[in-house]
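Only one structure is covered here, and it is reproduced in the block below.
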Amino acid sequence: MSASATFDGDHPPSRTLIDACVHCGFCLPSCPTYALWGEEMDSPRGRLYLMKAGLEGRTTMGPSFVQHFDACLGCMACVTACPSGVQYAPLIEATRGQIDRRFERSRSDRLFRSLIFALFPFPGRLRITLLPLALGQSIAQLLPSRDPERVALRANQGEDVARPFQGRDPNGGAPQSTDFLRRLRAMLALAPRVTWRSLFTSLPERTPASGRRRTTVGLLTGCVQRVIFPHVNQATVNVLAAEGCDVVAPAAQGCCGALALHAGRLDDARAWARKTIETFDRAGIDQIVVNAAGCGSSMKEYGHLLADDPQWAAKARAFSARVRDVTELLASFGPPRAPRHPLALRVAYHDACHLAHAQGVRQPPRDLLRSIPGLELVPFAEQEICCGSAGIYNLVEPDAAQQLGDRKTSHIASVQPDVVATANPGCMLQIRAGAARQQQTWTVVHPIELLDAAIRGKGVHEL
């Protein structure tokens, strides 16, 4: 592949894919950053223009160029909106891969990003890091307070210390979010509710199906999911087993590479993809089940990610063909086998972007929730707009992420739900943080937790 002044010859964004854009503008209303700032270069159409200019040598990879791509959430809402079928995912990933190799970030930015990728893909390190938080939250619960509701919110989410959204630099530069300490404070504001038990719980490697076995599935336990939301993994196993699946959760599995892929760290993503394929290929399973939207989206892309690797390309394509979101798999079974007990709840279902837009899975989670007697799904405005989580986005661009989170929280609050359900751990953290800022007290859960509660006859208070 030929190089330009902006991109090198190692997988630059594809001119063919860029030229599929007819500049119609249908993507603009669906783009979160265009909704925030109204700037053409912070829309999918504008970013495609910059990619094309880069290929033609009409621009350089300077701070302003990079910031327009850093500001993109990679939510893929533009893919859903595009009538021309522009494949935005490989374009933004290729561009970010070029930026990762060719652009010299500030020392503060490099340090913070290095911290993220030295921590989050490694569950053992994440557990150790969260131990002081578990201790602090345990102590906080023992202390008296004049405002129990506020203390409960703070215990659940950590103190809200992120500063208000500062907007775009008037000269077209970055939002005011590059300071290491301010990013660190924003990270703490997203801190989950953790306990000693939750940090160290684990799943059995094999759980047999209840009754006649339908299939054998391998469960991706995830990095953040297994440490911060182990109850989601347990609920997933419970429901799959109740619906006739033998569930294998390989102990040797590691990170799937989703965070690295979406941030442009393509070599890291490929290395984790190879290990994930190898681990599940040894497990003797029919399909791979994922309960985190970002992970599932990336694993379905392994065929593209490893297309140039002759040793792994065919394996990657075969692997990706077997990946299913848990709601997608359950819906494919048809009428449920396990009886559902009533749950009298108003539930607002938030579409995780990498489930709805990247994977095209929208109806299955809704159908599964509607299979629960007494449960009412309540729609709200702007369901297609990202909540601001988006992989590492709410860590590296916390101001824009907070504004999007507050926008999402306000729309959800307007329909007065009892529970919010969403199928991605990042979305769960982001919406919980927004609820804490707005002093909303509804519970945020994964849809599979509601199914588990209905099958097992758990009460609403146990969610």
Identity of the residue in segment 345-378, touching a helix residue (DSSP H, G or I) at 6+ places or on another chain (Cβ under 7 Å) and part of a loop (DSSP other than H, G, I, E, B), that ends up nearest to ILE455 (Cα to Cα):
ILE372
Checking PHE280 against (1) over 24 Å from ASP351 (Cβ atoms); (2) in contact with a Lys or Arg (Cβ under 6 Å, 6 or more places away or on another chain): exactly one of these is not met. Which one?
(2)
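Select from segment 431-453 the residues that are of a type in the set (Lys, Arg) and buried (at least 21 other Cβ atoms within 10 Å of the Cβ) and list them in ascending order. Walk me through how you get there before you give the answer.
Pass one, segment 431-453, residues of a type in the set (Lys, Arg): 432, 437.
Scanning segment 431-453 gives a single hit, ARG432.
Can you work out which of the residues in segment 38-55 that are part of a helix (DSSP H, G or I), among the charged types (D, E, K, R) and within 21 Å of GLU382 (Cα to Cα) is farthest from the chain's Cα centre (by Cα)? Let's see the steps before the verdict.
Restricting attention to segment 38-55, the residues satisfying the condition of being part of a helix (DSSP H, G or I) are 40-42, 44-55.
Checking which are among the charged types (D, E, K, R) leaves us with 40, 42, 45, 47, 52.
Keeping just the survivors that are within 21 Å of GLU382 (Cα to Cα) gives 40, 42, 45.
Values: GLU40: 26, ASP42: 21, ARG45: 23 Å.
The qualifying residue farthest from the chain's Cα centre (by Cα) is GLU40.
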Quick one: how many residues across segment 77-101 are within 17 Å of CYS27 (Cα to Cα) and either in contact with a helix residue (DSSP H, G or I) (Cβ under 6 Å, 6 or more places away or on another chain) or charged (D, E, K, R) (or both)?
7
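Within the bounds of segment 21-37, is there any residue that is assigned to a helix (DSSP H, G or I), of a type in the set (Phe, Trp, Tyr) and within 19 Å of GLN98 (Cβ to Cβ)?
Taking segment 21-37 and keeping what is assigned to a helix (DSSP H, G or I), we get 28-30, 32-37.
Cutting the leftovers down to of a type in the set (Phe, Trp, Tyr) gives us 34, 37.
Within this subset, residues satisfying the condition of being within 19 Å of GLN98 (Cβ to Cβ) are none.
Among the residues of segment 21-37, not one is assigned to a helix (DSSP H, G or I), of a type in the set (Phe, Trp, Tyr) and within 19 Å of GLN98 (Cβ to Cβ), which makes the answer no.
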Any residue at all in segment 386-397 that's more than 20 Å from THR327 (Cβ to Cβ), free of Cβ contacts under 8 Å to residues at least 12 places away in the same chain and either in contact with a helix residue (DSSP H, G or I) (Cβ under 7 Å, 6 or more places away or on another chain) or of a type outside the set (Val, Ile, Thr) (or both)?
no
Can you name the residue in segment 109-123 that is open to solvent by 40 Å² or more (accessible area, probe 1.4 Å) and in contact with a helix residue (DSSP H, G or I) (Cβ under 9 Å, 6 or more places away or on another chain) and, of all such residues, is modelled with the highest pLDDT?
ALA118
Taking GLY254 as meeting all but one of (1) under 30 Å from LEU133 (Cα atoms); (2) in a loop (DSSP other than H, G, I, E, B); (3) at pLDDT below 90, write down the number of the exception.
(3)
Flagged in segment 62-96 as open to solvent by 30 Å² or more (accessible area, probe 1.4 Å) and more than 26 Å from GLY426 (Cβ to Cβ), in numbering order, are PRO63, SER64, PRO83, SER84, GLY85
From the option list GLN383, GLN416, GLN440, single residue qualifying as touching an Asp or Glu at 6+ places or on another chain (Cβ under 8 Å) and over 30 Å from SER106 (Cα atoms) is GLN383
From GLN363, GLN359, which residue is of a type in the set (S, T, N, Q) and either open to solvent by 40 Å² or more (accessible area, probe 1.4 Å) or more than 15 Å from the chain's Cα centre (by Cα) (or both)?
GLN363
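Take SER14 and decide whether it is over 18 Å from LEU261 (Cβ atoms) and among the small types (Gly, Ala, Ser). Let's see the steps before the verdict.
Values: over 18 Å from LEU261 (Cβ atoms): no; among the small types (Gly, Ala, Ser): yes.
For SER14, the condition - over 18 Å from LEU261 (Cβ atoms) and among the small types (Gly, Ala, Ser) - is not met.
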Conditions first: (1) more than 18 Å from the chain's Cα centre (by Cα); (2) modelled with pLDDT of 95 or more; (3) open to solvent by less than 50 Å² (accessible area, probe 1.4 Å). PRO310 passes all but one, so which condition is the exception?
(3)
Restricting attention to segment 313-344, which residues are open to solvent by 70 Å² or more (accessible area, probe 1.4 Å), among the small types (Gly, Ala, Ser) and not in a loop (DSSP other than H, G, I, E, B)?
SER332
Those residues of segment 295-307 that are open to solvent by 20 Å² or more (accessible area, probe 1.4 Å) and either touching a residue at least 60 places away in the same chain (Cβ under 8 Å) or closer than 30 Å to PRO417 by Cα (or both) come to a total of 3
The listed residue being on the phi < 0 side of the Ramachandran plot, in a helix (DSSP H, G or I) and touching a Lys or Arg at 6+ places or on another chain (Cβ under 9 Å), out of ARG58, ARG96
ARG96
I'd like to check something: does segment 408-428 contain any residue that is open to solvent by less than 30 Å² (accessible area, probe 1.4 Å), among the charged types (D, E, K, R) and within 21 Å of THR33 (Cα to Cα)?
yes
Of the residues that sit in segment 193-247 and are over 28 Å from ALA436 (Cβ atoms), of a type in the set (A, V, I, L, M) and part of a loop (DSSP other than H, G, I, E, B), which one is nearest to the chain's Cα centre (by Cα)?
LEU220
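The values are calculated or read from the model by the stated rules, or taken from the named source; none is laboratory data. Not measured: the values here are computed from a predicted model. For neighbour counting, all protein chains shown are included, and Cβ atoms are generated from backbone atoms with ideal geometry for every residue, glycine included. Quick note on the areas: whole protein, heavy atoms, side chains included, nothing else; ligands and nucleic acids left out. Shrake-Rupley method; radii C 1.70, N 1.55, O 1.52, S 1.80 Å.
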